[in-house]
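Working notes, structure below.
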Amino acid sequence: MLEAKKDFEALLMGNDAIARGALEAGVNVVTGYPGTPSSEIVEQLAKVAEESNLYVEWSVNEKVALEVAAAGSYARLKSMCVMKQVGVNVAADSLLHIAEYGTRGGLVLVSCEDPGALSSTNEGDSRPYAKMMEFPLLEPGDFQEAKDMAKWAFELSEDIRNIVMLRSVTRLSHASGNVIMGELPKDRPKAAFEFSSIPMDQMKGPILAFPTLVDPLRRRQLEKLSKAEKIFEGSPFNKYTGPAKPELLIITSSVCKLYVQEALDILGLWERVGLLKLGTTWPLPSKLLEQHLGICEKIFIVEEGTPFLEDNIKALAAEKAKQVGIKTFFGRKDGTLPPVNELNPDLLIKGINFILGESYQFVSDEYKAKALEIIAAGAPVRELTFCPGCPHRASFWLINSALKLDNRAGFLCGDIGCYSLGAGPCGFSTIKILQAMGSGMGMASGFGKLDKFGMTQPIMAVCGDSTFFHAVIPALVNAVHNRSDMILVVLDNSGTAMTGFQPHPGSPSGAIGTRLPVLDIEKLCNSLNVRVEMGDPFDLKGTRETMLDLLEDGGNPRVLILKQPCALSPIKKGQKMYEMAIDANLCLADLCGCNKLCTRVFKCPGLIWDTQKEKVRIDEVLCTGCGVCADICPAKAIKA
Amino acid sequence: MGKKLSCDPYNLIIAGVGGQGNVLASRVVGDMMIHQGYKVTIGETFGASQRGGSVMSHLRISARGGFSPQMPKGKAHMVVALEPMEAIRVLATYGNPKVKALCNTRPIQSVGVICGDQIYPEKKHIIQWIESLCANAGFFDTTKQALDLGDSIFGNIMALGALAATGDLPMPLNIFKTVISKKVVPAKIATNLKAFGIGMELIKDKK
């Protein structure tokens with residue numbers, strides 16, 4: 001990250017390119033909350049924090065992360081806040097106020113989004129926030145631009161004195177390409193917050209969102225936006241490629257640029273089709289668009305997420321109808337492209353051919369038919385599962401069997417993390433509600449108050465340790481204060497496991513490795529004056545008893561903390577707790593009556609059913625030696 | 001700028017299952033190419049990598065420019081599979097009658113197979129299917145030899161050795177050495193070089 005000198009060309013992941021761009025801009029304060037596909041940006045900057053004199057923090061959630069970064073900006077430092085698309089919703093209230101007032105040191109919000117929900121529970125599109133809250137939006141179209149635009153975002157922010165959003169997507173953030181490095185700055189700014197002037201003095205007054213100030217603040221905000229638009233009209237990140245009078249004009253942004261380019265390459269259509277690639281997508285550079293809308297009657301708008309560009313370009317075309325004429329638009333709304341999911345070069349080939357009435361086939365129908373036949377027989381889908389030795393498998397085994405034994409149609413509200421898989425077969429389909437971060441606890445708080453309407457089902461919620469701090473605490477406080485009848489199970493695996501073990505307030509160190517005070521989940525819960533129990537998910541017998549007892553003890557919120565580090569956690573260092581072995585004499589298969597409970601239901605990938613010998617065996621490569629399967633086997637054939 | 005490639009862009013897919021070192025393998029190839037002046041784009045699906053899912057890297061190698069991180073369907077020139085079922089999965093979408101494949105034959109059972117919902121196809125069928133979808137396919141069991149080196153993970157570097165031996169991409173040993181030395185801790189460099197060497201021999205044996 002730091003070694004690479006100016007003009008050196010390297011293979012960088014999109015997220016690394018964004019991190020490098022921030023360094024080249026001279027970023028000082030970096031904050032974020034982990035979330036795929038954004039996490040590597042903060043991680044990379046944390047690695048070089050010392051040499052580059054950065055303050056880097058994994059904040060408790062995205063709202064606080066944005067506020068910490070804004071404090072940096074108000075103290076005249078260059079600050080960056082990084083999150084995935086859903087985080088912008090969490091930060092939105094602060095974002096509205098920060099954008100209304102403006103900034104001092106450059107402030108960049110990086111939102112890494114996930115069209116196609118490759119590792120999300122949604123396809124959230126944060127771009128409309130830029131329009132709704134009136135701040136500039138940048139969308140890099142390749143790896144070099146990811147670096148260059150991250151750097152430029154800080155310059156733009158300082159130029160107009162407002163927050164700038166840089167939006168990436170999975171296929172950029174987690175893909176890699178050639179990047180030529182720029183210079184790294186050396187200045188070390190001093191931080192200070194000035195408040196000696198009047199509130200409307202943006203650089204020297206107190207920062208106050210008073211009702212009487214809203215009118216002048218918003219007028220000032222709109223001026224910043226107009227200034228950004230003027231800059232965007234001449235930006236090199238907005239680029240037209242193609243003939244002067246094309247048959248079709250494609251307007252796109254983000255990594256979709258690469259899909260369009262590839263489609264036009266394959267179809268050999270560069271002589272007939274024009275491509276206007278926008279790097280600045282809010283405010284739209286209206287003069288540039290007017291000029292290009294005028295060259296062609298057919299306009300194809302290519303974007304992922306909501307029809308953000310499409311709606312706004314259509315509105316602009318209506319406004320400028322006299323100058324540009326009547327257009328025919330193609331995009332996600334008319335079905336030229338699918339209305340949901342991510343795009344790819346093949347969908348673009350199809351869309352362009354649909355508009356131009358052309359056709360294309362690369363692989364013969366015969367080959368495709370053969371491939372379809374083979375894949376049906378030869379490559380069944382690999383279902384996602386918990387890792388071998390994952391404590392969640394044991395936790396869901398416990399919760400599922402406790403709810404079944406309790407026999408009152410109890411159910412579990414889930415949350416966001418690896419343990420979301422508890423809704424699937426590897427978690428015995430135990431989770432019945434799964435939505436946003438912290439939602440499981442909030443919903444459980446609600447269900448737990450419905451007894452007055454005759455609801456008698458026991459209510460449980462799960463959350464991870466990082467999620468507990470992120471969004472569960474307010475919901476738990478709500479349940480305690482309103483005396484909701486429910487059980488919260490905290491699956492504490494010692495880190496933000498799903499996104500790569502980033503620390504959280506319960507961890508002994510922060511993003512840059514400095515030792516920090518540990519917030520103890522048990523003590524926090526105890527301070528709420530509710531029943532709190534501790535358990536180890538690998539201790540099936542003891543924990544099951546605790547769980548059944550908690551289910552009996554209704555009327556108030558109760559908390560069970562199941563503590564066991566993630567199987568992949570650096571704490572475990574890949575060491576096995578037990579060497580597992582099978583007593584072949586005791587494994588009776590069909591004669592046992594268990595009907596292969598270990599492999600059919602428990603389904604740890606470390607166990608294999610040997611169809612020839614009709615016995616279970618241990619996969620010595622995958623088994624982590626957690627010992628739980630030894631307690632599952634009714635015949636005691638699995639030994640720890 | 002790199003020398004002219006046999007195809008431009010050269011489209012390589014490295015496929016496997018989470019935990020097989022797919023991502024490292026694709027970065028090593030990418031870095032080796034950039035080292036020789038090529039433009040590289042790598043698209044990866046690794047969201048599911050820690051949870052038993054299929055993992056696939058698309059490498060687009062070119063002397064002229066960057067390409068889409070998602071390869072168009074049917075456009076692969078070479079598929080390197082660290083797991084046999086994954087070879088089939090990738091070939092069915094990105095294969096074409098001219099594609100080549102290099103395939104580790106040691107299966108990693110999916111959960112569906114472990115619990116008896118699915119059947120893992122027999123090795124002879126898998127080989128037959130892969131051959132029927134390829135112009136040319138090479139098979140080897142790298143997992144066993146990798147375990148002899150101390151960890152099944154070295155199978156990924158062996159597969160790269162095999163890829164180098166095909167001569168389809170410029171992957172000289174000295175450049176591998178330069179690249180791997182920056183990617184792994186010093187203590188592991190020698191083993192990785194050994195793994196690459198074993199991989200190069202795998203293909204020679206075949207011929």
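The values are calculated or read from the model by the stated rules, or taken from the named source; none is laboratory data. Computed from a predicted model, the values in this text were never measured in an experiment. Positions of Cβ are backbone-derived with ideal geometry, glycine not excepted, and every protein chain shown enters the neighbour counts. Just so you know, the surface numbers come from the protein's heavy atoms only, side chains and all, with ligands and any DNA or RNA stripped out. Shrake-Rupley method; radii C 1.70, N 1.55, O 1.52, S 1.80 Å.
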Next item on the list: Arrange the peptides A:527-534, B:84-91 so that the one whose residues have, on average, the most other Cβ atoms within 10 Å appears first.
Entry: B:84-91, A:527-534
Check: For residue A:195, what accessible area in Å² do you get when you roll a 1.4 Å probe over the heavy atoms of the protein chains, rounding to the nearest 10?
Finding: 140
Note to self: Limiting things to C-alpha atoms, what are the Rg and the maximum Cα-Cα separation (Dmax) for the range A:9-233, in angstroms?
What the structure shows: 16.4, 52
Item checked: For peptides A:36-46, A:579-589, A:291-301, sequence by mean Cβ density within 10 Å, most packed first -> A:36-46, A:291-301, A:579-589
Notebook entry, point to check: Given H placed 1.01 Å from N in the peptide plane, which residues other than close sequence neighbours of residue A:576 have an amide H under 5 Å from its amide H?
Noted result: none
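Calculate how large, on average over all directions, the projected area of the Cα convex hull of chain B is; give the answer in nm² to one decimal. Intermediate results must be reported in sequence, preceding the final value.
Working: hull surface 44.5 nm².
Result: a mean projected hull area of 11.1 nm².
In Å², what does the accessible area per residue of the protein assembly as shown work out to with a 1.4 Å probe?
40
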Check: Of all the accessible heavy-atom surface of the protein assembly as shown, with the other protein chains kept in place and a 1.4 Å probe, what percent is carbon and sulfur?
Finding: 55
Next item on the list: For a label point 7 Å from the Cα of residue A:3 along Cα→C-beta, name the residues of the range A:142-181 whose backbone N is under 19 Å from it.
Entry: A:177-181
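Pick out the long, greasy-scoring helices in chain A: whole DSSP H runs spanning 24 Å or more along their own axis by Cα, mean Kyte-Doolittle at least 1.6. Walk me through the numbers on the way to the answer.
Values: long enough: A:143-160 (25 Å, -0.52); A:214-233 (28 Å, -1.02).
Helices meeting the span and hydropathy rule in chain A: none at all.
Want the number for residue A:514 to residue A:528: 0.36 nm per residue separation, take away the alpha-carbon distance, what's left? Don't skip to the answer; put the middle values down first.
Values: separation 14, 0.36 × 14 = 5.04 nm, distance 2.96 nm.
Length difference between fully extended and current span is 2.1 nm.
Hey, got the dipole for the range B:1-140? About the Cα centre, +1 on K and R Cβ, -1 on D and E Cβ, debye to the nearest 20?
Numbers: 15 positive and 8 negative charges, 99 e Å.
With Lys and Arg at +1 and Asp and Glu at -1, about 480 debye.
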Item checked: For q = 0.15, 0.16, 0.20, 0.21 Å⁻¹, Debye-computed log10 I/I(0) when each Cα of the range A:239-356 counts as one equal scatterer -> -0.58, -0.67, -1.09, -1.22
Checklist line | Sum of side-chain charges, residue A:74 neighbourhood, beta-carbon under 15 Å (Lys, Arg +1; Asp, Glu -1) | finding: +1
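What is the mean number of Cβ atoms from other protein chains located within 10 Å of the Cβ atom of each residue in peptide B:33-43, rounded to a whole number? All intermediate terms of the calculation are to be shown ahead of the outcome.
Details: counts 2, 8, 3, 0, 2, 2, 4, 5, 8, 7, 10.
Average neighbour count from other chains, rounded to a whole number: 5.
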Margin query: Only protein chains counted, 1.4 angstrom probe. Which residues of the range B:53-78 are at least 20 Å² less accessible in the assembly than when their chain is isolated?
Written below: B:67, B:68, B:69, B:70, B:72, B:73, B:74, B:75
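Between chains B and A, what is the buried accessible area summed over both chains (1.4 Å probe, protein heavy atoms, nearest 100 Å²)? Numbers along the way, then the final one.
Values: alone 10120 and 28420 Å², together 33690 Å².
Between B and A, the summed buried area is about 4800 Å².
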Margin query: In the range A:155-174, what residues drop by 10 Å² or more of accessible area when the other protein chains are put back, versus the chain on its own? Use 1.4 Å, and skip ligands and nucleic acids.
Written below: A:171, A:174
Next item on the list: Under 13 Å from the Cβ of residue B:156, count the other residues' Cβ atoms, weight Lys and Arg +1, Asp and Glu -1, and hand me the total.
Entry: +1
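For the protein assembly as shown, what is the convex hull volume of its Cα atoms per residue in Å³?
Numbers: hull volume 152.6 nm³, N = 847.
Expressed per residue, the convex hull around the Cα atoms of the protein assembly as shown is 180 Å³.
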Margin query: Give the average, rounded to an integer, of partner chain Cβ atoms located within 10 angstrom of each Cβ in A:7-14.
Written below: 4
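Stick to the Cα atoms of the range A:324-408, pair each with every other, and give me the Kirkwood hydrodynamic radius in Å at one decimal. Let's see the in-between values first.
Values: mean 1/r = 0.0537 Å⁻¹.
Hydrodynamic radius (Kirkwood, Cα pairs) of the range A:324-408 is 18.6 Å.
If you take each beta carbon of peptide B:105-114 and count the beta carbons of other chains within 10 angstrom, what is the mean? Present the calculation step by step, with values, prior to reporting the outcome.
Working: counts 0, 1, 0, 5, 8, 7, 12, 7, 8, 15.
Mean shielding by partner chains, rounded to a whole number: 6.
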Next item on the list: Excluding residue B:43 itself, calculate the net charge of residues whose Cβ lies under 10 Å from the Cβ of residue B:43, where each Lys or Arg counts +1 and each Asp or Glu counts -1.
Entry: +1
Check: To the nearest 10 square angstrom, how much accessible area does residue A:59 have with a 1.4 angstrom probe?
Finding: 10
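Counting only C-alpha contacts under 8 Å and six or more residues apart, can you give the relative contact order of chain A as a whole percent?
Working: 1320 pairs, mean separation 65.7, N = 640.
With pairs under 8 Å counted, the relative contact order is 10 percent.
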Item checked: Rounded to the nearest 10 Å², the accessible area of residue A:187 at probe 1.4 Å -> 110
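Note down the relative contact order for the range A:9-233 as a percent, whole number, built from C-alpha pairs under 8 angstrom at least six residues apart. Mind dumping the intermediate values first?
Values: 489 pairs, mean separation 59.5, N = 225.
Computed value for the range A:9-233: 26 percent relative contact order.
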Next item on the list: Set the Förster radius R0 to 22 Å, insert the Cβ-Cβ distance between residue A:481 and residue A:552 as r into 1/(1 + (r/R0)^6), and round the FRET efficiency to 0.05.
Entry: 0.40
Notebook entry, point to check: Per residue, what volume in Å³ does the Cα convex hull of the range A:99-148 take up?
Noted result: 109
Checklist line | For chain B, built as a Gaussian network whose Cα springs stay under 10 Å, the top-fluctuating residue of B:31, B:148, B:117 | finding: B:117
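Can you give the FRET efficiency to the nearest 0.05 for residue A:180 and residue A:573, using r as the Cβ-Cβ distance and R₀ = 60 Å?
0.95
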Next item on the list: List the residues of the range A:357-381 that lose 20 Å² or more of accessible area once all protein chains are present, compared with their chain alone (1.4 Å probe, heavy atoms only, no ligands or nucleic acids).
Entry: A:362, A:363, A:367, A:370, A:371, A:374, A:375, A:377, A:378, A:379, A:380, A:381
Margin query: For a quick check: with amide H placed at 1.01 Å from N, whose amide H comes under 5 Å from residue A:487's, ignoring anything fewer than 5 positions away on the same chain?
Written below: A:459, A:460, A:461, A:558
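Based on Cα coordinates alone, diagonalise the gyration tensor for the range A:132-234, multiply each eigenvalue by 5, take square roots, and list the semi-axes in whole Å, largest first. List each step's numbers first, then the result.
Working: eigenvalues 194, 68, 28 Å².
Value: 31, 18, 12 Å, ordered largest first.
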